[in-house]
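Quick notes on the structure that follows.
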Amino acid sequence: MKNLIKKLTAASMAVIISTTSLSGCGELFFGYKQAREKVKEPTSYSFPLSEKETIHGMTSYPANTQSDPNKRDIFRRLEEQTNVHVDWKAIPSDQWADKISLQMTNYSSLPDFVFTAGFSDTDLQRYGNQGIIIPLEDYIDKYMPNLKKVFDEYPEYRQMCTDENGHIWAFPWIEQLGEGKTAIQTVGDMSFINKKWLDFLGLEVPTNTEEFEKVLKAFKDHAPELKKKFNIEGSIIPMSCIINDGDQDPSILINGFGDGLGDPDRGRHIVVNDDKKVICSSTQDGYKKGIQWLHKLYSEGLIDPECFTQDWSTYVSKGKSGRYGVLFSWDVANIANLADYEPLPALKADVRNITPQNGSYTSGFDRGRCVVTALAKRPALVASWIDQMYAPLQSPQNNWGTYGEDGGFHIFELSKNKEGETMLKHMDLGDHSPVEVREAECVGGPLAVLNDYYGKYVTCPDDAQYRLDWIKEYYTPYMTHKYVYPNVFMSQDDTQKISDLSADITTEINARKSDWIMNGMTEASWKSYIKKLDAYGLNQYIKIYQKYLDKYDLDK
């Protein structure tokens, strides 16, 4: 009986939380009515406010950087410009995933907003239906002229932020750098080859898988000469990577096998073929052949034996020591000396092809970047303050860093554009790592950097420009397939189904991939793998994605 009462009480509480009105008299959560009632707000806010107001936010920050958000120049200036003080709770980025999940169920201490939420569609649907976060479409239209302008100019972003019931649950992060097949997000795991080693050994940049294998063998066979010539401490590593780790994964190498689809979406393992059909990229014949080829390289000692276990810091440390012949990352400058490497072109095996990443044609986009909670006393003030993040001069700073009044190092300096208006000019990074410099200054969160801002409000960062140039030269000509899967917002039921199905499907795909690269693949193991994926519901998984693709106009 005691257990039954507990279960009934828990169920009753869940109903209270999920069905409570968001616009009532403060009865948002059982037990918290008195603490955080709404207040009547004006029809608009004008900054700076005549009297200082305080709002409460939560954000993350990179480890080993400034932990107090209000000591960062960006937030310090925003407080001066708006007369709004933000009482922050800041959590290190490497602890964020665990702590934010707990925080969102601790209703008594919810902040007004979560600045760097990074919530998945599942999170947004769940928290929205439970009444923990509030719908934002009305606040956007009434209190957020900067974001509304972005949505009016690019209606696809409003569409991508809106669920099937017409609600927008979060403020997005948008970064346009290039467009379509030349967008900077089309390729994440770029491959880079050590040009100094090639020149020293009298070798050319390989263009197919056979030449590539010969180059790796040359790096291995001539390790003593390379170590001596370039004063390298530690062993020579012909090729290093981190298997199943985003941009450090070597999947770009297998694009040339079979039909050339590869496996560009390592979170979902789906691609769209030219018949507008969603298929699983990790069950195709080309994927199978590509993984078998990677095992061949591994068995010949050409791939870093730590590729399955090393973390980012280890990967970078070895790269900074000059030990890599080939590596994979978003930008080689984050791993090794930029001057020593150049992009490895699309390698031909059966075909020469690069499959762009899903969602990349609409540039960088995060639907769940920032949310407002139901306990915000002044949600319109919160929305108005957040709208400042979408101002054309503010978004680039939030994204990359800021300028300074002192003589210290900064990402930007204040300059003038051709019309004599204020503009942010990127400073030369010198030998500094772009990631480290930006993490020290930027604040992330919701923002929009659009293509037409470059040259008017901000210069294009050097590392972004050379990356755009690389994509256009080395990869875009070989993007032979038409489509990528778009950024769709599924229903809660379908989002949950995908999440449930994905848990087993992606675990199986990633586990088998690592095992096969290390130990080799047999025909029996491949058949068992396909059978397991079918048992885990792969067909249903694909059908859900297909349903939303059919609703989306890919040719618009």
TODO: About the Cα centre of the chain, how large is the charge dipole given +1 on each Lys and Arg Cβ and -1 on each Asp and Glu Cβ? Please answer in debye to the nearest 20.
DONE: 1200 debye
Task: At q = 0.18 Å⁻¹, base-10 log of I(q)/I(0) for the stretch 244-349 (Debye sum, equal scatterers on each alpha carbon) - done: -0.97
Task: the stretch 102-138 residues near the modelled K89 label - backbone nitrogen below 16 Å, point 7 Å along Cα→Cβ - done: 102-118, 132-133
Open item on the list: Please compute the alpha carbon radius of gyration of the chain, then divide it by the globular-protein estimate 2.2 N^0.38 Å. Two decimals is fine.
Closed with: 1.04
- [ ] Would you mind calculating the relative contact order of the chain from Cα pairs under 8 angstrom and at least 6 residues apart, reporting the percent as a whole number?
- [x] 21 percent
TODO: List, in the order given, every pair from K148/K418; K288/K497; K220/K320; K276/K513; K276/K472; K276/K456 whose Cα-Cα distance in the structure shown is over 29 Å.
DONE: K276/K456
Task: For q = 0.19, 0.21, 0.22 Å⁻¹, Debye-computed log10 I/I(0) when each Cα of the stretch 149-254 counts as one equal scatterer - done: -1.06, -1.19, -1.24
Open item on the list: Taking all protein chains in place and a 1.4 Å probe, what share, in percent, of the accessible surface of the chain do carbon and sulfur account for?
Closed with: 49 percent
Task: Separation of alpha-carbon centers, the stretch 478-501 and the stretch 108-150, rounded to whole Å - done: 22 Å
Task: Full-extension gain in nm, D515 to K416, via 0.36 nm per residue minus C-alpha separation - done: 30.1 nm
Open item on the list: Explain nothing, just the number: dipole magnitude of the stretch 403-556 about its Cα centre with +1 on each Lys and Arg Cβ and -1 on each Asp and Glu Cβ, in debye rounded to the nearest 20.
Closed with: 920 debye
Open item on the list: For a bin width of 10 Å, list the pair-distance distribution of the stretch 71-182 built from all Cα-Cα distances, rounded to whole %.
Closed with: 11, 35, 38, 16, 1
Task: Simple label model, 7 Å out from Cα along Cβ direction - F47 to K531, nm - done: 6.1 nm
- [ ] Please list, or write none, the aspartates and glutamates whose alpha carbon is within less than 19 Å of the alpha carbon of K142, excluding same-chain residues fewer than 8 places away.
- [x] E41, D112, D152, E153, D387
TODO: Taking 7 Å along the Cα-to-C-beta vector as the label spot, tell me the R76-E473 distance in nanometres, rounded to one decimal.
DONE: 4.0 nm
- [ ] Taking the Cβ of V271 as the centre, find all other residues whose Cβ is under 10 Å away and add up their charges (Lys, Arg: +1; Asp, Glu: -1).
- [x] -1
Task: Cα point-scatterer Debye curve for the stretch 341-450, base-10 log of I(q)/I(0) at q = 0.13 Å⁻¹ - done: -0.74
TODO: Can you find, among I498, A535, L468, the residue farthest towards the positive end of the dipole of the stretch 450-556? Put +1 on the C-beta of Lys and Arg, -1 on that of Asp and Glu.
DONE: A535
Open item on the list: Quick check: the distance between the Cα centres of the stretch 203-271 and the stretch 35-91, to the nearest angstrom?
Closed with: 46 Å
Task: the stretch 171-213, dipole about Cα centre (Lys/Arg Cβ +1, Asp/Glu Cβ -1), debye to the nearest 20 - done: 180 debye
Open item on the list: Can you give the FRET efficiency to the nearest 0.05 for K320 and K276, using r as the Cβ-Cβ distance and R₀ = 30 Å?
Closed with: 0.10
- [ ] Let me have the relative contact order for the stretch 53-203, percent, based on Cα pairs under 8 Å that are six or more residues apart.
- [x] 19 percent
Open item on the list: Taking 0.36 nm per residue of sequence separation and subtracting the Cα-Cα distance, how much length would be gained by fully extending the chain between N208 and T65, in nm to one decimal?
Closed with: 47.2 nm
Task: Label zone at D406, where the point sits 7 Å out along the Cα-to-Cβ direction: the stretch 427-445 residues whose backbone N lies under 14 Å - done: 441
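The values are calculated or read from the model by the stated rules, or taken from the named source; none is laboratory data. Please read these numbers as outputs of a predicted model, since none were measured by experiment. Using ideal geometry, Cβ is built from the backbone for each residue, glycine included, and neighbour counts are taken over all protein chains shown. Calculation scope for accessible area: heavy atoms of the full protein, side chains included, ligands and nucleic acids excluded. Shrake-Rupley method; radii C 1.70, N 1.55, O 1.52, S 1.80 Å.
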